[in-house]
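The values are calculated or read from the model by the stated rules, or taken from the named source; none is laboratory data. Being a predicted model, the structure only gives us computed values, none of them experimental. FYI the Cβ positions are ideal-geometry reconstructions off the backbone, even for glycines, and counts take in every protein chain you see. Calculation scope for accessible area: heavy atoms of the full protein, side chains included, ligands and nucleic acids excluded. Shrake-Rupley method; radii C 1.70, N 1.55, O 1.52, S 1.80 Å.
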Amino acid sequence: MVKEFERAGIPTAHITNMTPVAKVTGSNRIIPGVAIKHPCSDVGLTMDEQKQMRRDFMERALHAVSTEIEEPEFF
């Protein structure tokens, strides 16, 4: 799905802990996540720490989609 959005001209950031799979399948802007069930958070943290972690992931994603790239890149 990420490749189709990119092909349509919509920049997309892919947050995943399976970064090798994301790169092989053609994701251009890859953000390494924490876990399969909770890619943007660590359930072992307090709720405030989880919220901050999620916010950090979203800020990285916004930076990724606003960056022009030529080849797959990790953010």
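Some notes on this structure:
- When the chain is treated as a GNM with alpha-carbon contacts under 10 Å, the residue of T25, T46, T16 showing the greatest mean-square fluctuation is T46.
- The chain - accessible surface per residue (Å², probe 1.4 Å): 70 Å²
- The stretch between M58 and E71 holds 2.5 nm of extra length on full extension. This uses 0.36 nm per residue minus the Cα-Cα distance.
- The structure-derived value of Rg and Dmax of the Cα atoms in Å appears in the list (i) 14.9, 53; (ii) 12.8, 39; (iii) 21.5, 72 under the label (ii).
- Taking Cα atoms only, the orientation of helix 47-65 departs from the longest principal axis of the chain by about 10 degrees.
- DSSP-loop GluC sites (Glu not before Pro) across the chain, with at most 11 other Cβ within 10 angstrom: E68, E70
- A probe of 1.4 angstrom, applied to the heavy atoms of all protein chains, finds R54 with accessible area near 90 square angstrom.
- Solvent-accessible surface ranking, highest first, for S66, S41 at 1.4 angstrom: S66, S41
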